[in-house]
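The values are calculated or read from the model by the stated rules, or taken from the named source; none is laboratory data. Being a predicted model, the structure only gives us computed values, none of them experimental. Virtual Cβ from ideal backbone geometry, glycine too; neighbours counted across all protein chains shown. What goes into the accessible areas is simple: the full protein's heavy atoms, side chains included, and nothing from ligands, DNA or RNA. Shrake-Rupley method; radii C 1.70, N 1.55, O 1.52, S 1.80 Å.
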2 protein chains.
Amino acid sequence: MRVEIWSDIACPWCYIGKARFEEGLAAFAHRDQVEVVYRSFELDPGRAKGEVAPVVDMLAAKYGRTPAEALAMEEHVASVAHGEGLAYRVEGRVHGSTFDIHRLLHLARERGRQEALLDLAYRANFAEERSVYDPEVLVRIAVEAGLDEAEARAVLADETAYADQVRADEREAAELGATGVPFFVFDRRYGVSGGQPAEVFTQALEQAWKGRALQPVAAADPAPACDADGACAV
Amino acid sequence: MRVEIWSDIACPWCYIGKARFEEGLAAFAHRDQVEVVYRSFELDPGRAKGEVAPVVDMLAAKYGRTPAEALAMEEHVASVAHGEGLAYRVEGRVHGSTFDIHRLLHLARERGRQEALLDLAYRANFAEERSVYDPEVLVRIAVEAGLDEAEARAVLADETAYADQVRADEREAAELGATGVPFFVFDRRYGVSGGQPAEVFTQALEQAWKGRALQPVAAADPAPACDADGACAV
């Protein structure tokens, strides 16, 4: 079974939702037969590269709040994160374009290091004093995730590298009806939106598991094939 | 949309079915949004490595036919292949374990060269005077497919490399109800068995496309998420 998770590094509910999904997955009997793929979604796709601002200022401007009110919003999210055992710093975080991080996550996927890189990027953005909008930080977490430094640098330097894959993920999210993230898709059959409780993810996995029997295709009559015993219809 | 195709290099209906699927895919309006993944299935999983025999002898023994009758069986398949524009040599072909080829196809998938390698392996086995059961031939077609020679050699030399992935594909085929190959699965929702006519594949793609709307998960109430305009529920 395959679970695809659309998310953005800048999205706190994606950070929290990933932990909850993992808790839900751990309680699922067939967890060894679940493949998880992370897909790209930018919360702020129009943002220019290098245009980085404090998260609290961004929240205050977006919601028309005072800096103190915006900080309280962050403190609320932090308390939810802490409830999941996740570190979350409310001050000093910055917001920017996540396009390059998504491109790097596609490289990491090809190298079998996607989840390692994603976890490190979340930790850098939400828990540590490291800006994922600084290319040198990205290179360092890429290396920590097991990627080749020269290859990571080459991807970051070439803005077209994996750009089509990021755009394709985003187009697919829209086609699947996602209006926000995190967005979880089970075998392209069932969809769940938001940072749900862990139990909902377990139930979603169970529902998708039960519903995974293949349906026949209307037009198909029997056709020549080779059987598992090696016999080929002639 | 994602199509998974279980197949074996030794299977003539897989070779023919791949060409028919591609013809069906070419007639599908949303072909640019179709990802195709090839998965492993061995027709003869018990066969020892290096135990190679002429195909005509194998067919005669399996079906209790004379060599001339077995040759006629191959000639029939060849005529079907020719009808699809595929070269097919009836004499001189050999049969053996395809386990190493499947392992190499998994490496090729990680390197984005899976289909190139598969096409070259089919051509070597069915159309050319090259045995895919000869490791040196495998290395040469791997290089022709764009793989790194040293990496291909390392995979072939280490019998554990990608072995789990081959076994996992085969387990999954059984779980999905495949009793033979080629076996086509559309978005893990619809299944088609055998070397169907191209039109059946087009119809299967259309049926899967129409049926791809996601279903909600029973247990899920609205949960906090970040919207596409960048707003995060707090």
Label distances, nm, B:Ala68 versus same residue in remaining copies, Cβ-directed 7 Å point: 10.2
Any chance you could check the range A:156-187 for residues losing 50 Å² or more of accessible area when the partner protein chains are in, compared with the chain on its own (1.4 Å probe)? A:Glu175
Largest to smallest principal axis extent of the C-alpha atoms in the range A:78-234, angstrom: 67, 39, 30
Gain on full stretching of the segment that runs from B:Glu23 to B:His82 - 0.36 nm per residue minus C-alpha separation: 19.8 nm
Of A:Val56, A:Val137, A:Val217, the most mobile residue in a GNM of chain A (C-alpha springs, cutoff 10 Å) is A:Val217
In nm, give the distance between the simple-model label positions of B:Ala163 and B:Ala72, each being 7 Å from the Cα along the Cα-to-Cβ direction. 4.3 nm
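What fraction, in whole percent, of alpha-carbon pairs in the protein assembly as shown exceed 41 Å separation? List each step's numbers first, then the result.
Working: 28921 of 109278 pairs.
The share of Cα pairs beyond 41 Å in the protein assembly as shown comes to 26 percent.
Can you tell me how much longer the chain between B:Ala218 and B:Val143 gets when fully stretched, taken as 0.36 nm per residue apart minus their C-alpha distance, in nm with one decimal?
Once the chain is fully extended between B:Ala218 and B:Val143, it gains 22.1 nm.
Find the sum over both chains of the accessible area lost when B and A are paired, probe 1.4 Å, and report it in Å² to the nearest 100.
Working: alone 12140 and 12120 Å², together 19370 Å².
Approximately 4900 Å² gets buried when B meets A.
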Simple label model, 7 Å out from Cα along Cβ direction - B:Ala150 to A:Arg171, nm: 3.8 nm
Please compute the per residue accessible area over the protein assembly as shown with all protein chains in place, 1.4 Å probe, rounded to a whole number of Å². 41 Å²
Label spacing, shortest first and in nm, from A:Asp134 to its equivalents in the remaining copies (7 angstrom along Cα→Cβ): 5.8
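Probe radius 1.4 Å, ligands and nucleic acids ignored: give me the carbon and sulfur share of the accessible area of the range A:2-227 as a rounded percent. The partial results should precede the final answer.
Values: 4740 of 9310 Å².
Its accessible area is 51 percent carbon and sulfur atoms.
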Per-residue average of other protein chain Cβ atoms inside 10 Å, peptide B:2-12 -> 2
Could you give me the ³J(HN,Hα) list for the range B:70-87, computed from phi with Karplus coefficients 6.51, -1.76, 1.60 and θ = phi - 60°, whole Hz, x at Gly and Pro? 5, 5, 5, 4, 5, 5, 5, 4, 4, 5, 5, 4, 4, x, 9, x, 9, 6
I'd like the accessible area for A:Val234: 1.4 Å probe, protein heavy atoms, all chains in place, Å² to the nearest 10. 80 Å²
Using only Cα atoms, tell me the angle between helix B:99-110 and the longest principal axis of chain B; keep it within 0 to 90° and round to the nearest 10. 40 degrees
For B:Ala231, place a label point 7 Å out from Cα along the Cα→Cβ vector, do the same in each other copy, and report the separations in nm, one decimal, smallest first. 6.4
Using a 7 Å offset from Cα along Cα-Cβ at A:Val234, what residues in the range B:39-73 end up with backbone N under 14 Å from the label point? B:54-73
What angle, in degrees between 0 and 90 and rounded to the nearest 10, separates the Cα long axis of helix B:198-210 from the longest principal axis of the Cα atoms of chain B? 20 degrees
